[in-house]
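Structure record follows, encoded as structure tokens.
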Ligand code: DOR
């Protein structure tokens with residue numbers, strides 16, 4: 001048959017000429033998208049036309065990056081961040097979906113708290129999104145119902161106080177929380193009792209270099225051990241957020257069956273005391289950035305396959321707030337926009353492969369949280385792409401940061417590897433590193449285990 005006579009098929013979007021990271025590896029193929037989903041992969045130049053063409057020659061097309069830990073502060077703390085600016089930073093940084101944390105004001109504890117966030121994101125979010133419900137003594141018995149609400153990413157528990165009033169450190173409360181739910185539960189693991197006992201260390205010294213001495217490795221390990229044991233006792237899957245220490249990584253490597261592990265770019269990129277000497281309280285984060293040997297152990301955890309996910313823990317505070325004398329300065333830094341540039345730089349430096357990075361930022365989150373239609377570039381999956389230039393050398397600057405807080409601890413840092421185009425369900429949101437979409441296209445993320453949002457998977461002839 002003569003191919004010339006075949007009618008050309010028509011796509012909404014054709015991504016052309018890129019090196020596409022698929023489950024098969026790196027392939028020089030085009031990608032056609034219709035109604036926000038991938039409908040064809042291959043050499044499509046002769047057989048497809050499209051409303052929008054996106055030139056990816058010389059670029060790598062990654063499955064959309066899912067950042068499963070951000071704090072966007074809306075409602076109540078919008079002088080630090082909001083859903084519009086937070087998600088704008090996300091897409092400028094090549095992130096196509098986020099899970100947002102419940103330590104807002106009010107806390108996210110009820111169906112109406114969750115609905116208020118979904119409503120606030122509607123029409124204002126530049127990427128897809130889901131919201132965690134906070135697990136606490138007041139809503140423990142409702143959590144099974146709550147975690148199944150559309151747009152809910154699952155339950156998040158703070159075992160140690162960080163920022164905001166959400167805390168569940170009592171073992172009996174933790175048992176109640178774990179027993180009332182089935183989805184993977186995310187945990188901030190620092191031992192509250194030990195943190196309280198040791199707070200005097202920093203109250204007297206006022207020295208931010210003591211932050212990892214106060215919130216030490218043992219504080220993290222104690223909480224991690226306790227929650228892993230409670231998860232085993234209650235038969236619950238858990239996700240230990242922002243693992244920061246060698247001891248936890250060693251422990252978690254032996255308890256992987258029910259437990260998944262997140263590390264953050266800041267723990268992989270910075271180390272103490274250097275970061276505190278250079279950046280003061282801008283480097284202050286919970287759990288803290290620790291000495292080089294801990295960072296080395298996190299990298300080993302990535303190489304050994306212990307780590308499942310990289311999340312940014314984007315946690316903005318204003319520069320004025322951060323300038324307060326330590327320890328009154330709040331812990332947290334921006335990160336959603338710098339996650340991918342920093343991690344591409346680590347790929348360039350040979351610390352991990354591009355394929356491993358893609359699994360940590362896309363396949364991993366999709367797999368462990370049961371995200372519907374995301375996590376890989378494949379037929380029928382959402383057309384979410386983080387299209388990057390692996391060779392571009394760029395300097396991260398505060399004025400590039402979209403966050404309301406307007407700063408990054410990496411101001412002035414030059415990286416190799418940069419997000420160029422960002423596509424969210426077939427919408428080209430960022431083109432040539434600039435926001436080009438007129439309307440924020442973000443929608444609630446769909447999960448396999450929860451009530452559907454009324455959207456059906458598409459079928460394509
Ligand atoms: O440093 C942190 N800040 N760690 C957290 O877990 C919370 C966060 C915040 O919300 O500011």
**OP:** Go through (1) more than 16 Å from the ligand (Cβ to nearest atom); (2) surrounded by 19 or more Cβ atoms within 10 Å (Cβ to Cβ); (3) in contact (Cβ under 8 Å) with a residue 60 or more places away in the chain one by one and return the number of the condition residue 359 breaks.
**Re:** (3)
Original post:
Which one is nearest to residue 410 (Cα to Cα), of the residues in region 212-256 that are surrounded by fewer than 20 Cβ atoms within 10 Å (Cβ to Cβ) and under 22 Å from the mean Cα position of the chain (by Cα)?
Top reply: 253
Original post:
Within region 285-302, is even one residue out of contact with any helix residue (DSSP H, G or I) (no Cβ under 8 Å at 6 or more places or on another chain), buried (at least 22 other Cβ atoms within 10 Å of the Cβ) and modelled with pLDDT of 95 or more?
Top reply: yes
Original post:
What number of residues in region 323-356 are more than 16 Å from the ligand (Cβ to nearest atom) and within 21 Å of residue 199 (Cβ to Cβ)?
Top reply: 1
Subject >> Failed condition for residue 262, given (1) crowded, with 21+ Cβ neighbours inside 10 Å; (2) within 11 Å of the ligand (Cβ to nearest atom); (3) on the phi < 0 side of the Ramachandran plot >> reply: (2)
Original post:
residue 320 versus (1) surrounded by fewer than 21 Cβ atoms within 10 Å (Cβ to Cβ); (2) within 16 Å of the ligand (Cβ to nearest atom); (3) in contact (Cβ under 8 Å) with a residue 40 or more places away in the chain: which is the lone unmet condition?
Top reply: (3)
Original post:
For residue 277, are the conditions met, namely being in contact (Cβ under 8 Å) with a residue 24 or more places away in the chain, in a helix (DSSP H, G or I) and within 11 Å of the ligand (Cβ to nearest atom)?
Top reply: no
Subject >> Residue among 412, 373, 364, 406 that is under 30 Å from residue 444 (Cβ atoms), at pLDDT 95 or above and surrounded by fewer than 20 Cβ atoms within 10 Å (Cβ to Cβ) >> reply: 406
**OP:** Determine the pairs where a residue that is in contact (Cβ under 8 Å) with a residue 60 or more places away in the chain and within 21 Å of residue 311 (Cα to Cα), located within region 70-82, has a partner that is near the ligand (Cβ under 10 Å from one of its atoms) and not in a loop (DSSP other than H, G, I, E, B) with Cβ atoms under 6 Å apart, the partner being 6 or more residues away or on another chain.
**Re:** 70/314
**OP:** State yes or no: is residue 66 away from the ligand (no atom under 16 Å from the Cβ), touching a strand residue (DSSP E or B) at 6+ places or on another chain (Cβ under 8 Å), under 21 Å from residue 241 (Cβ atoms) and part of a strand (DSSP E or B)?
**Re:** yes
Original post:
Does any residue of region 139-153 turn out to be within 21 Å of the chain's Cα centre (by Cα), touching a residue at least 60 places away in the same chain (Cβ under 8 Å), part of a strand (DSSP E or B) and closer than 20 Å to residue 189 by Cβ?
Top reply: yes
Subject >> Only listed residue being in contact with a strand residue (DSSP E or B) (Cβ under 6 Å, 6 or more places away or on another chain) and outside any loop (DSSP other than H, G, I, E, B), chosen from 157, 202, 213 >> reply: 157
Subject >> Test: residue 298 is within 16 Å of the ligand (Cβ to nearest atom), under 21 Å from the mean Cα position of the chain (by Cα), over 30 Å from residue 30 (Cβ atoms) and not in a loop (DSSP other than H, G, I, E, B) >> reply: no
Original post:
Within region 29-63, restricting attention to residues that are crowded, with 20+ Cβ neighbours inside 10 Å, in contact (Cβ under 8 Å) with a residue 40 or more places away in the chain and outside any strand (DSSP E or B), which residue is nearest to the ligand (Cβ to nearest atom)?
Top reply: 36
**OP:** Find the residue count for region 118-138, including only residues that are surrounded by fewer than 24 Cβ atoms within 10 Å (Cβ to Cβ) and more than 16 Å from residue 336 (Cβ to Cβ).
**Re:** 8
Original post:
Quick one: would you say residue 89 is within 16 Å of the ligand (Cβ to nearest atom), under 21 Å from the mean Cα position of the chain (by Cα), over 19 Å from residue 316 (Cα atoms) and in contact (Cβ under 8 Å) with a residue 12 or more places away in the chain?
Top reply: no
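The values are calculated or read from the model by the stated rules, or taken from the named source; none is laboratory data. What you see is a predicted model; the values in this text were computed from it and never measured. Heads up, the Cβs are rebuilt from the backbone with ideal geometry, glycines too, and the neighbour counts pull from every protein chain shown.
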